[in-house]
Amino acid sequence: MSTPTTTEVVLAHAALHCNLNTVDLAAAEAFYTEALGLRARMRSISVSTDGTPMGLGPDTASTTAFLWDHRGPRAAPALELVGWERPATVPAETAPRGFVAVGFRVNSLPAAGDRLRSAGAAVDEVPPVPVRGSLRSALRTVDPDGVTVEIVEVADADDSTAALSHLRVYCTDLARATGWYEGIGFVVGATGAGTASVALPEDPTFSLELTEHPAAPQTDRAANTQGLYRIALAVDDVRAAHAVLAERTDGVPEPVFIPMPDIPTGGFTVLFLADPDGAVVELVERPRSAVRRPVLPV
C-alpha cells in the first residue's frame, strides 16, 4: 500500500457515520432494526461531557447507539442515533435545507416495502430519484422522528437487507456547495438539472445527493435538534486538515477531543465544520488502516 501524499492526508477518505438526534432512542432503534435490518453494534453513555465545542454548554448527557447494516463496522458507515438527555433533544420540523433524507439501497423494492409495512411503517411509492447519476425506483417512509427515509432499488445489491447508501442534501447554490465538498475530498460523479452526486474516491459505499433549492430559508439548528444533523468523515490527521483549511478561509475552529470512555478508542479528536448552508460536517481522526472500504459500492 502506498504512503498517502500530504494532500491525501488532509482530505476525507471515508464516511464514518450519519448522525440522527432522536426524542425516543428506543423507538428510533426499533424502527431501524426491525424495518430496515440494521444492528446496534456499539453504544456509548455520556453522563457528564463538555459539549461546549458543539454549542451545548459544559455539562451534557446523552446515549448514543451506532447501527450498521449487514456489512458491519469498518466496511460501511453507521447510523448514529443520539438521545440527548441534558439538554434534551429539541423537537424540530422538517429542515428546509441541509440533510433532508437518509437513503438505503436494496435489491428488491417489493420485499423492502413488505418489511417496512410489517414493521408498521407507512410506505409511499414515489417517482424515481437520482442516486449516483441514475434514476432509481424508490419508496419513501418516515421514521419515528419525522426523518424522511428513501429506499432505492439496485438490482445487483449484495444482500436482501438494506444498506446505508446516501444522504440527500438541499442547498441554495449548487456550484458553491459542490465546490465546498470538493475542498474536503469529495469528487463530483454525476450532475443533472439542479442536482449533483458527490462521493469520496476511496469510499464507494456512500454518496451525498445534492439538490439546489435557491429559495430554501436557513434556520438555526442546535446540535441537539431532532433529526439529521451532521455527518462524520474520516481523515488521517485532523490537525493537518485544520492547518490546510485555516489557510483557505478564516474562522475555522480548532480541533477538539470528544471523550467516549466506554468505547475502545476512548474518544476521538474531531473538527466541526459547516457547509455553506449550515449542514454540519465532522472530520474525525481515523486513519486509513482503521477502515476497509470495498472497491465497489456494495
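The values are calculated or read from the model by the stated rules, or taken from the named source; none is laboratory data. Computed from a prediction, not measured in an experiment: that's the story for all the values here. Here the Cβ positions follow ideal geometry from the backbone for every residue, glycine too, while neighbour counts run over all protein chains shown.
Structure notes:
- Criterion violated by ALA155 - all others in (1) more than 25 Å from PHE31 (Cβ to Cβ); (2) buried (at least 20 other Cβ atoms within 10 Å of the Cβ) satisfied: (2)
- Of all residues in the stretch 265-290, those that are in a loop (DSSP other than H, G, I, E, B) and either of a type in the set (Phe, Trp, Tyr) or surrounded by 20 or more Cβ atoms within 10 Å (Cβ to Cβ) (or both) total 4.
- In the stretch 199-216, the qualifying residues are those that are of a type in the set (Asp, Glu) and part of a strand (DSSP E or B), and the one that is surrounded by the most Cβ atoms within 10 Å (Cβ to Cβ) is GLU209.
- Hits in the stretch 110-151 (condition: of a type in the set (D, E, K, R) and not in a strand (DSSP E or B)): ASP114, ARG115, ARG117, ARG132, ASP143, ASP145
- Here the condition is being over 15 Å from the mean Cα position of the chain (by Cα), in a loop (DSSP other than H, G, I, E, B) and modelled with pLDDT under 95; of THR219, THR191, it holds for THR219 alone.
- For the stretch 127-136, the criterion of a residue being under 19 Å from GLU29 (Cα atoms) and either in contact with a helix residue (DSSP H, G or I) (Cβ under 9 Å, 6 or more places away or on another chain) or of a type outside the set (Val, Ile, Thr) (or both) is satisfied by no position.
- Test set (1) modelled with pLDDT of 95 or more; (2) farther than 24 Å from ALA232 by Cβ - SER160 fails condition number: (1)
- ALA196 vs. criteria surrounded by 17 or more Cβ atoms within 10 Å (Cβ to Cβ) and touching a Cys at 6+ places or on another chain (Cβ under 8 Å): no
- Counted residues, the stretch 49-99 - those being of a type in the set (A, V, I, L, M, F, W, C) and at positive phi: 0
- Of the candidates ASP250, ASP262, the single residue that is over 30 Å from VAL142 (Cβ atoms), touching a residue at least 60 places away in the same chain (Cβ under 8 Å) and either aromatic (Phe, Trp, Tyr) or outside any strand (DSSP E or B) (or both) is ASP262.
- Given (1) crowded, with 22+ Cβ neighbours inside 10 Å; (2) small (Gly, Ala, Ser); (3) within 30 Å of SER48 (Cβ to Cβ), index of the condition GLY103 fails: (3)
- Some residue of the stretch 69-80 being of a type outside the set (D, E, K, R), part of a strand (DSSP E or B) and surrounded by fewer than 20 Cβ atoms within 10 Å (Cβ to Cβ): no
- Hits in the stretch 40-68 (condition: in a helix (DSSP H, G or I) and either farther than 19 Å from VAL280 by Cα or within 18 Å of the chain's Cα centre (by Cα) (or both)): MET54
- Out of ALA40, ALA88, ALA26, ALA65, one residue alone is modelled with pLDDT of 95 or more, loosely packed, with under 15 Cβ neighbours inside 10 Å and within 26 Å of ARG117 (Cβ to Cβ). It is ALA26.
- Hits in the stretch 162-187 (condition: without any contact (Cβ under 8 Å) to a residue 40 or more places away in the chain and surrounded by fewer than 16 Cβ atoms within 10 Å (Cβ to Cβ)): ALA175, GLY179, GLU182, VAL187
- Matching option when the condition is in contact with a Pro (Cβ under 9 Å, 6 or more places away or on another chain) and aliphatic (A, V, I, L, M), among ALA121, ALA101, ALA138, ALA78: ALA138
- Contact map, the stretch 100-124: residues that are within 24 Å of THR205 (Cβ to Cβ) and touching a residue at least 40 places away in the same chain (Cβ under 8 Å) paired with residues that are in a helix (DSSP H, G or I) and aliphatic (A, V, I, L, M), Cβ distance under 6 Å, separation 6+ or inter-chain. Pairs shown: VAL106/ALA112.
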